[in-house]
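Peer 1: Attaching a single structure in C-alpha cells format; questions to follow.
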Amino acid sequence: MSSRSKVVADILTRAIIEHRLVPGCKLGERELAEIFDVSRIVIRQALIRIAEDGLVQMERNRGAFVAKPGIQEALEIYDALTLVEQGVAAQLSDRLGPAGWAELRQHVERQRQAVAAGNNPLADVLGQEFHTVFVRLSRNKVMQEIHAQLLRRTTLLRSLITADFDYCNLLDDHARVIDLLEKGRLKQAMELIESHHRTVVRGYIMDRQVFPELTPREALGPYLEGRTAELPKPAPGKKTGDNDGASVHSHVHASK
C-alpha cells in the first residue's frame, strides 16, 4: 500500500470507529477522491485495505459500503474473541508474574471507580481496554494482531443501539478471571471468558442506529483539517489517474 493510501485508510478507519461513517454508508470512489484530493486508485487501495479488517464491504457493480453486521456475524466475532482470549488465559496462568497480575487489577480498579462515579462511557472504554491489556501480557505479537482486528470489528457493533449493560457484572467478570487464573483454575476461567462475551453480544439490538447519518464529506471533514501534508503527491511523471486502478479492481474480483 502506498503512503497516500495508508493515510486515507487510517482516516476512514477512524471515522468508522468513531461512528461518523455508520454501517451501510456508501463510500463512493469518485466522491472520496474529491474529498481527499487524490486519484481513485489511491481510494480503491485504501478501501481494499480496510475491507480486509471487515470494516468495509466491497460489492460487485455497486461499490464499497461501511459493513453492516447482523446478529450471526456478531456471534461469530465474539466467538473468535473468546477463542483468542482463552488461548491467552492458558499462557498467562503459567507464565504471568506478580507485576502482570497487579497491572490487570489496577485496570479493574480504574473501571470500578468509573462505574461507582456513574461514568458509563468511561467504564465502557476501560472495559474494552482490559481485554487489550490482557492479550498484550501474553507477549504474543500474532495473537495481539488478531485480537486487535477482531476488536476493530466490534466497533461496528457499537454503531448499533445497545441495551444498558450491567457494568457491575461485567466488571466482576474481569476481576474473577484474574482471581481464577492466579489460583490456577484455568478451566473455570475459560468458561467465564466464554459466558462474559456471550453476555456482551446479547446486549446488542441490531438494525437500529444511535448515531446520526452524515454525508462522507461531513463525516470526514474534521479529520482532514491540517492533514493534507500527510497525503504526499506522486512522483513527477508517475500516472495515478483513474485508469491505473483497473488492474487492482480486476484483481479484487478475480480473487473472490
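Peer 1: Tell me which trypsin sites (Lys or Arg not before Pro) from the stretch 83-142 have a DSSP coil assignment and no more than 14 other beta carbons within 10 Å of their own. Don't jump to the answer; show the numbers that get you there.
Peer 2: Values: sites: ARG95, ARG105, ARG110, ARG112, ARG136, ARG139, LYS141; in loops: ARG139.
For trypsin sites (Lys or Arg not before Pro) across the stretch 83-142 that sit outside H, G, I, E and B with at most 14 neighbouring Cβ atoms in 10 Å, the list reads ARG139.
Peer 1: Tell me, ARG20, ARG49 in order of fewest to most beta-carbon neighbours within 10 Å?
Peer 2: Working: ARG20 22, ARG49 19.
Fewest-to-most ranking of ARG20, ARG49: ARG49, ARG20.
Peer 1: Any aspartates and glutamates with Cα under 19 Å of the LYS187 Cα? List them, leaving off those in the same chain fewer than 8 positions away.
Peer 2: ASP79, GLU85, ASP94, ASP172, ASP173, ASP179
Peer 1: A further question on this structure: Which ³J(HN,Hα) values in Hz, rounded to whole numbers, follow from the phi angles of the stretch 17-28 under the Karplus curve 6.51 cos²θ - 1.76 cosθ + 1.60, where θ = phi - 60° and Gly and Pro get x?
Peer 2: Karplus values, whole Hz, x for Gly and Pro: 4, 8, 6, 8, 9, 8, x, x, 5, 6, 10, x.
Peer 1: Right, something else. If amide H atoms are built 1.01 Å from N in the plane of the peptide, which residues on other chains or at least 5 residues away come under 5 Å of the amide H of LEU214?
Peer 2: For LEU214, the qualifying residues are VAL22.
Peer 1: How far is it, in nm, from the label point at ALA80 to the one at SER3 when both lie 7 Å from their Cα along the line to the Cβ?
Peer 2: 3.1
Peer 1: Please give every one of the aspartates and glutamates within straight-line cross-link reach of LYS6, meaning a C-alpha to C-alpha distance under 19 Å, and leave out same-chain neighbours fewer than 8 residues apart.
Peer 2: Those aspartates and glutamates meeting the cut-off are GLU18, GLU29, GLU31, GLU34, ASP37, GLU52, ASP53, GLU145, GLU225, GLU230, ASP242, ASP244.
Peer 1: Kindly put ASP124, ASP79 in sequence by how many other C-beta atoms sit within 10 Å of each C-beta, fewest to most. All intermediate terms of the calculation are to be shown ahead of the outcome.
Peer 2: Working: ASP124 18, ASP79 15.
So the ranking, lowest neighbour count to highest, is ASP79, ASP124.
Every number here is computed from the coordinates shown, using simple stated rules; none is lab data. Everything quoted here is computed from the prediction, not taken from an experiment. Cβ atoms come from the backbone with ideal geometry, glycine included; neighbour counts cover every protein chain shown.
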